[in-house]
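Before any comments, here is the structure.
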Amino acid sequence: METLLHKLKCKIQPEKGVFLGELYGKRLKRVIEHIDIIIPIPIHINKLRKRGYNQAAQFAFGLSLGLDILLDENILKRDILSISYTQKSRTERYNNVKGVFSVSITRNLQEKHILLVDDVLTTGASICEAAQLLIYKGTKVSIATIGRE
């Protein structure tokens, strides 16, 4: 698993995320309660242009295939380009993501169950910040990640 994750994150192999997501989704399908929408944690447009893809979105796409549930990459947006997390403490990571996301109001999220997806859970700062925004819109949020550091 670690080798696949490394290839997804560092070797420009987005198909590894789709593969892991579909595999995970097929197994999850047997135990998960009703999910309305899958939403990946977004990356800033500048980072997307530089990297070429969002690892969380690749994993979410695979989950969407495995679970046969709609994926929507347009509900959450990352408005602020944060500096790298790698050398930050837990508190600094939470402060680093405060206010970086926004929620699109083009879709009614009231009473929807959302599966919020990230590639790796380190401190949970990004997923917590995004989940709070979605919960504020009246949703139920569950999370899925490939792994945890």
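The values are calculated or read from the model by the stated rules, or taken from the named source; none is laboratory data. Source: prediction; values computed, not measured. Cβ: placed from backbone, ideal geometry, glycine included. Neighbour counts: every protein chain shown. Areas reflect the complete protein model, heavy atoms only, side chains present, ligands, DNA and RNA absent. Shrake-Rupley method; radii C 1.70, N 1.55, O 1.52, S 1.80 Å.
Using a 1.4 Å probe and counting only protein heavy atoms, arrange Glu129, Glu73, Glu22 so the residue with the most accessible area comes first.
Glu73, Glu22, Glu129
If you roll a 1.4 Å probe over the heavy atoms of the protein chains, what accessible area per residue do you get for the range 29-73, in Å²?
52 Å²
Run the quick spin-label model on Tyr136 and Ile80: label points 7 Å from Cα toward the beta carbon, then report their separation in nm to one decimal.
Distance between label points: 1.2 nm.
Just to make sure I understand: if all protein chains stay in place, what is the order of Lys112, Lys140 by accessible area at 1.4 Å, largest first?
Lys140, Lys112
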